[in-house]
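The values are calculated or read from the model by the stated rules, or taken from the named source; none is laboratory data. As the structure is a prediction and not an experimental result, all values here were calculated from the model. All Cβ positions, even for glycine, are placed from backbone atoms using ideal geometry, and neighbour counts span all protein chains on display. Accessible surface is based on the protein model in full, side chains and every heavy atom, while ligands, DNA and RNA are left aside. Shrake-Rupley method; radii C 1.70, N 1.55, O 1.52, S 1.80 Å.
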Amino acid sequence: MSEPANRSFNTALVAAMPNLRAFAISLCGNSHTANDLVQETLAKALANCDRFKEGTNFKAWLFTILRNTYFSDFRRGRREVADSDGLAAARLSTHPEQHGHMDMLDFKRLLDQLSDDQREALILVGAEGFSYDETAEICGCAVGTIKSRVNRARLKLAELMGIATFEDIGPELPTQAVMKRASV
Amino acid sequence: MPAGKKVDLQADGGQPEEKDVYNMHTAMNEEAEDVPVVLDERTRAELGRQLAKYYSQLISQPIPDQFLELLKKLDSKERGE
């Protein structure tokens, strides 16, 4: 790689760090493991910098490396690792809906209840702002699968938060609708 | 997925066919491609707000020392040291 290209590669890598770390924390559930994951991702990106195709989405390329590393090397034992920030240990005694607003810890606990696939898709689309197409490429699956995961993630979060209302259907929870159907 | 049940959900707000109201249990099926319920605009907006708040707090956290070490190495490489 030429010197200017190398420089812009490094600059872009540095610029992406906070986002890579935020995504890693969302996947790992704790910052200690997330830091290791980002470190590994940065090392792989630097080692494979000549494999990045100029003109393609650099951030998406980095996120692809990170999520593949997570699912191949970091996923196992996710729940067993203690949270170095003590976030997971700081249990709240009330449910989010009881005090009308949610802090970061509340929302993190809700995110933790999603499957890895759902949480990943929701973060990439809803927080990182990747398109469904980009997200499908990052995750290596069909666009329809990503749309489905994002929808399911939103549905589950809304139900957990007690704010789920639906278009053209009314404020029924799916479980209630299923029960209603069963009783017909 | 059963034939004839395909619902093309738009990015935000595709309309499910009405009959799918009665098949909502598929939303609980991990492998189902479609979720035949659509959260309303207000709910999606609230979720978006919560997600953005959560994520911006993560992004604004200070960069850990272990990455700063890496940055220093990159810097010195760029200066040709």
query = What is the gain in length, in nm to one decimal, between A:His32 and A:Arg7 on full extension, counting 0.36 nm per residue of separation less the C-alpha to C-alpha distance?
reply = 6.1 nm
Label-to-label distance, nm, for residues given as A:Val143 and A:Cys49 (7 Å Cα→Cβ offset) = 3.4 nm
ask   = Sequence-distant or interchain residues sharing an amide H contact under 5 Å with A:Phe166, placed H: which?
value = A:Glu172, B:Asp40
query = Using a simple spin-label model with points 7 Å from Cα along the Cα→Cβ vector, what separation in nm is obtained for A:Asn57 and A:Gln113?
reply = 3.0 nm
ask   = So how exposed is A:Thr11, as accessible area in Å² (1.4 Å probe, rounded to 10)?
value = 80 Å²
